Structures are given as C-alpha cells and as structure tokens.
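Asker: What follows is a structure written as structure tokens; I'll ask about it next.
The values are calculated or read from the model by the stated rules, or taken from the named source; none is laboratory data. Just so we're clear, the structure is a prediction, and the values are computed from it rather than from any experiment. In this analysis, Cβ positions are derived from the backbone assuming ideal geometry, glycine residues included, and neighbour counts consider all displayed protein chains.
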Amino acid sequence: MKQPTADVRADFPQIRTALPGPEAARIIERDTAVLSPSYTRSYPLVAARGEGAIVEDVDGNRFLDLNAGIAVVATGHCHPQVVRAIQEQAARLIHMSGTDFYYENMVTLGEKLAALVPGGGPRRVYFGNSGTEAIEAAIKMARYHTGRDKFIAFLGGFHGRTLGSLSLTASRAVQRRRFGPLVPGVTHIPYAYCYRCAYGKQPESCSVECVKVIEDELVKTIVPAEELAAIVLEPVQGEGGYVVPPKKFFDELQAVARRLGVLIVADEVQSGMGRTGRMWASEHFGLEPDIVAVAKGIASGLPLSATVARADLMQWERGAHASTFGGNPVAVQAALVTIELLEKELIDNAARVGAHMLDRMRDWPRRFPVVGEVRGLGLMIGVEIVRDQARRERAPELRDRLVRMAFERGLLVLGAGTSVMRLSPPLVLTREQADFALDTLEDCLGRLVVS
Ligand SMILES: Cc1ncc(COP(=O)(O)O)c(C=O)c1O
C-alpha cells in the first residue's frame, strides 16, 4: 500500500490514538445517555473540525471523508468562500421568514434553481429545510394540482422519514416498523436494480419489465390511472445502494407517464448538486421531471431544501403550504456560493475524479471475491459486497466489517442498501486523495475474508 507521505500531509489521514480516542469516548458516553438512540451511528467518530475532504476528531485523528456528511458538504468542509458568505450574511440578516416577508437572495436562488433544473420551460420554487420537506411539498403539490391521491414509488427508494415521505420510502423495515398507518395510496414496485433484477433479466436484453408493470398490471388492478397523481423516484437510488438504472428505464418511464397523464417527481436530494458529475443525475438519462426535490448538497451543510416544479403545477393558493425557516437567508447565501463553485469547477472535478476512481475500481470484482459489482456516476459510487459472486449472496456483516476497517485506517465511508459500501466524498476530492483512498480500500478488501 502506498502510504509513505500519509503522516506528514495535512490532506491525508493520520490516526494517532486507538479509536475511539479518550476524548471521543467521553463524548460518546454523554451522547448515549441523553440523545435519541434512533440515530444510526456506524462507528465512533466524534468530529471537531473539517477542511476540504479532511475531518479531524476531538483526539486529533485526521480522516479522509468519503461520505461528506451523507452527501451534503459538496464544496468540502468549511470552504472559505462558503464560510465567508455565511459570516457576512449572518452579520446582515439571519432570519426574516420568507413565508411572510420578502428578501432578495431568496428570489435570486429561486431564479437560479428554476433555470438549472432539467427540462426547460418556466419553473417555480418552494423552499424548505430538509430533504423530507422537499418531498412533502412535492406530494402535496401533486395531490393539489391533479386532484388525485395515488402514487407509485420504488422498492429500495428513500425519500425521508416524516409520515408523508416515509410512505414513499421503502428502504428498510426499521424505518417504517411501528409507525403505521402511513399515508395511504402508495404502491411500490421493483426499481431497475439490474444486478438484482426482480424479473430475473439481464440489462442488455430486458424489456424494462420494472416499468411495463405500471401499464400492464397496476393501472388495470389497484391504481386506476385517473387516480394516479405521480410516479416518484430517485434517478440514482441513494440509501437503497447507489443503484444506477439503464437509460431505457427512464425512456420507458417518461413514455408511460405521458400516456397515463401522470407527473414524474425526481428526488435528487442525494444525487443532485453535481454529485454525479452533472448538476442533476436526471441529465445523464434525458429525464425531464415535472417536479424536482433538492436538498443535502445545496448549501454545503446548512439546512435548506427546494422543491422545483413546472410553474403551471405550483399554483396553490396563498397559505396552502409554507414554512417558518424554509429559505433562511444564511442558508440561501451559502447555496448561492455553493452553486457558483459547483459550476465553476467542482462538477467537472466530480466527473473527472469519479471517472478515475471507477476506472481503477472496474477490476475489483475480478480481484476481490467479496466484490459483486462496482457502479456509479461521478462521485456517487457503490460497491456491492457479497459472500458469493456466483449467487450474489448479500453480505451485510462483511460490508460492516469493511466500513469499520476503513475507519480504523482513517477513511470515512458508510454503508447503503443491505450490502453496499457507498462513496460520496466532497466534490473537492483530489485525484491523489482518491488514489490514497482506493489503495487503502484495496488493502482492506484484500484482508476481508468470508467467515
Ligand atoms: C434521496 C433522498 N431523499 C430524501 C432524503 C431525506 O432527506 P433529509 O434527511 O434531509 O430529510 C434523503 C436523505 O438521505 C435522500 O437520500
């Protein structure tokens, strides 16, 4: 493994203590006593500061962040231009409630997002604070506009945890268990998860059965078309395991939606804001959604979300939907700078470094028996971990061990889906950092044995 300079370089990891270190252990003990046990911590990282793709913990250990706060800090941790914009805006105006009053930067960001989303034509923008709020707004708008109450969503999809968005989420049982009844009217169908095709097909020769089922079966049985408001999907599934469908999935989906007269809602909360090497994952596939949900990477870490819809859809009466904090001026200012940085260089960097990583990882299934598939777009990369390549048997315990081994070597990665390791680094990741990360992961994979 090539790590000779790791000890001295500030842009590489350095582990100085056993993990967790003493200070981290103390904080985790206090956390455990007082905070909600529902939080899903994978390993004991207690962050103290971050810069670019590096996070330092409270004991002075340095980690290379291949997760970016779950695909949030697109411009890296504490990008100086983002920090400056936040500080200056905080000194001018922290809050005013865009629901009740006007301020200019909220309009400017609305104009920017309206122009950016795929599809062309006039768009309107609703601001919230989180991904789940962007989806709630999409659900309510689709119902309001169409007068219909039914939705089709996809198995493996994750759209949030409030009750409306949770009704669309079909990612893990633990997220839904004991919370029902959820919002009625949602039907889930298999996603184009070609590695694990629900119809037993191969991507090259399939007829996109996972979309055909909508017209062939659903609308004839349980979802009459005249009651169907929208089809909701992530263009690349995130929490479901970084699953990238083939283009024909989207072609067929748009054709079906057109024929049935139903809306398409693209949840770009995780796949958007440059992560895939384009501003939106939808762009890779020619997908032109009616409504786009945006959050996570939009403001480099400040809470902000947007629901961007065709202007003729976002026609609801005054007071129909709003939020006290949505479109907060400080978060909006961070988003404006974030978009500027993305457009100037970071989307290109995501495409370039992501392609380099995928290129290097292409032979992992051949080199490592526990790797079933490597897939991704830009810096949204998933590695399917299996017990057995031939049978594609999932191996969550091996995946968890891999995530933990990486952590102990100074890499922050997370799981996704049942058996996938995901890489979603900040879009400032350099090629050298990427190579260091891949060297380290290769070393971990080489040591990972099926027990
Ligand atoms: C695709 C997608 N949609 C929605 C959400 C929910 O976002 P939030 O956690 O900000 O509510 C997430 C969060 O992981 C997501 O990945």
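Asker: Do you know which of the residues in region 126-151 that are in a loop (DSSP other than H, G, I, E, B) and within 12 Å of the ligand (Cβ to nearest atom) is nearest to residue 166 (Cα to Cα)?
Answerer: Restricting to residues being in a loop (DSSP other than H, G, I, E, B) and within 12 Å of the ligand (Cβ to nearest atom), the top hit is 130.
Asker: Here's another thing I want to ask about it. What do you reckon, is residue 427 outside any helix (DSSP H, G or I), at pLDDT 95 or above, among the hydrophobic types (A, V, I, L, M, F, W, C) and buried (at least 23 other Cβ atoms within 10 Å of the Cβ)?
Answerer: Yes, satisfied.
Asker: Within region 215-236, work out how many residues are over 28 Å from residue 420 (Cβ atoms) and either within 14 Å of the ligand (Cβ to nearest atom) or acidic (Asp, Glu) (or both).
Answerer: Qualifying residue count, region 215-236: 5.
Asker: Any residue in region 251-269 that's in contact (Cβ under 8 Å) with a residue 12 or more places away in the chain: show its pairings with residues that are acidic (Asp, Glu) and within 16 Å of the ligand (Cβ to nearest atom) at Cβ separation under 6 Å, as long as the two are six or more apart or on different chains.
Answerer: 267/234
Asker: Keeping to region 201-234, report how many residues are in contact with a helix residue (DSSP H, G or I) (Cβ under 6 Å, 6 or more places away or on another chain) and not aliphatic (A, V, I, L, M).
Answerer: Number satisfying all stated conditions: 2.
Asker: Just one of 50, 69, 60 is in a helix (DSSP H, G or I) and either touching a residue at least 40 places away in the same chain (Cβ under 8 Å) or not aliphatic (A, V, I, L, M) (or both); which is it?
Answerer: 69
Asker: Name the single residue, out of those in region 158-171 being of a type in the set (Gly, Ala, Ser) and assigned to a loop (DSSP other than H, G, I, E, B), that is farthest from the ligand (Cβ to nearest atom).
Answerer: Ranking the candidates gives 170 first.
Asker: Does region 31-46 contain at least one residue that is in a strand (DSSP E or B), at pLDDT 95 or above and not aromatic (Phe, Trp, Tyr)?
Answerer: no
Asker: On the basis of being surrounded by fewer than 23 Cβ atoms within 10 Å (Cβ to Cβ) and in contact with a Lys or Arg (Cβ under 9 Å, 6 or more places away or on another chain), does residue 418 make the cut?
Answerer: Details: surrounded by fewer than 23 Cβ atoms within 10 Å (Cβ to Cβ): yes; in contact with a Lys or Arg (Cβ under 9 Å, 6 or more places away or on another chain): yes.
Answer is yes for this residue.
Asker: If you don't mind, there's one more thing I want to ask. Has region 88-105 got at least one residue that is within 16 Å of the ligand (Cβ to nearest atom) and either under 18 Å from residue 314 (Cα atoms) or acidic (Asp, Glu) (or both)?
Answerer: No: zero hits.
Asker: Is one or more of the residues making up region 105-120 assigned by TED's automatic domain parsing to the domain that holds residue 239, modelled with pLDDT of 95 or more and assigned to a strand (DSSP E or B)?
Answerer: Checked against the condition, which is being assigned by TED's automatic domain parsing to the domain that holds residue 239, modelled with pLDDT of 95 or more and assigned to a strand (DSSP E or B), region 105-120 yields no hits at all.
Asker: Of (1) among the basic types (Lys, Arg); (2) more than 19 Å from the chain's Cα centre (by Cα); (3) buried (at least 24 other Cβ atoms within 10 Å of the Cβ), residue 310 satisfies all except one. Which?
Answerer: (3)
Asker: All but one of (1) buried (at least 24 other Cβ atoms within 10 Å of the Cβ); (2) away from the ligand (no atom under 11 Å from the Cβ); (3) under 17 Å from the mean Cα position of the chain (by Cα); (4) of a type in the set (A, V, I, L, M) hold for residue 155; which doesn't?
Answerer: Among (1) buried (at least 24 other Cβ atoms within 10 Å of the Cβ); (2) away from the ligand (no atom under 11 Å from the Cβ); (3) under 17 Å from the mean Cα position of the chain (by Cα); (4) of a type in the set (A, V, I, L, M), the lone unmet condition for residue 155 is (1).
Asker: Within region 20-77, which residues are crowded, with 19+ Cβ neighbours inside 10 Å and in contact with a Cys (Cβ under 9 Å, 6 or more places away or on another chain)?
Answerer: Selection gives 50, 52.
Asker: Just wondering, is there one or more residues in region 391-398 that are part of a strand (DSSP E or B) and modelled with pLDDT of 95 or more?
Answerer: In the first step, residues of region 391-398 are kept if they are part of a strand (DSSP E or B); the result is 393-394.
Cutting the leftovers down to modelled with pLDDT of 95 or more gives us 393-394.
Within region 391-398, one or more residues are part of a strand (DSSP E or B) and modelled with pLDDT of 95 or more.
Here's the yes/no breakdown for (1) outside any strand (DSSP E or B); (2) over 23 Å from residue 154 (Cβ atoms); (3) not aromatic (Phe, Trp, Tyr):
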residue	(1), (2), (3)
269	yes, no, yes
278	yes, no, yes
292	no, no, yes
307	no, no, yes
312	yes, yes, yes
323	yes, yes, yes
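Asker: Can you go through 268, 252 and tell me which one is assigned by TED's automatic domain parsing to the domain that holds residue 143, away from the ligand (no atom under 12 Å from the Cβ) and of a type in the set (Asp, Glu)? Before you say what the answer is, go through the steps one by one.
Answerer: Values: 268 fails: away from the ligand (no atom under 12 Å from the Cβ).
Selected residue: 252, the only one of 268, 252 that is assigned by TED's automatic domain parsing to the domain that holds residue 143, away from the ligand (no atom under 12 Å from the Cβ) and of a type in the set (Asp, Glu).
Asker: Exactly one condition in (1) crowded, with 17+ Cβ neighbours inside 10 Å; (2) within 16 Å of the ligand (Cβ to nearest atom); (3) among the β-branched types (Val, Ile, Thr) is not met by residue 174; state its number.
Answerer: Evaluating residue 174 over (1) crowded, with 17+ Cβ neighbours inside 10 Å; (2) within 16 Å of the ligand (Cβ to nearest atom); (3) among the β-branched types (Val, Ile, Thr) leaves (1) as the failure.
Asker: Within the bounds of region 316-324, is there any residue that is farther than 21 Å from residue 118 by Cβ, of a type in the set (D, E, K, R) and outside the structural domain of residue 140 (by TED's automatic domain parsing)?
Answerer: Taking every residue of region 316-324 in turn, none turns out to be farther than 21 Å from residue 118 by Cβ, of a type in the set (D, E, K, R) and outside the structural domain of residue 140 (by TED's automatic domain parsing).
Asker: So if I check each of 396, 426, which one is in contact with a strand residue (DSSP E or B) (Cβ under 8 Å, 6 or more places away or on another chain) and free of Cβ contacts under 8 Å to residues at least 24 places away in the same chain?
Answerer: Answer to the check: 396.
A quick yes/no check of all residues on (1) within 11 Å of the ligand (Cβ to nearest atom); (2) buried (at least 20 other Cβ atoms within 10 Å of the Cβ):
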| site | (1), (2) |
| --- | --- |
| 238 | yes, yes |
| 260 | no, no |
| 274 | no, yes |
| 281 | yes, yes |
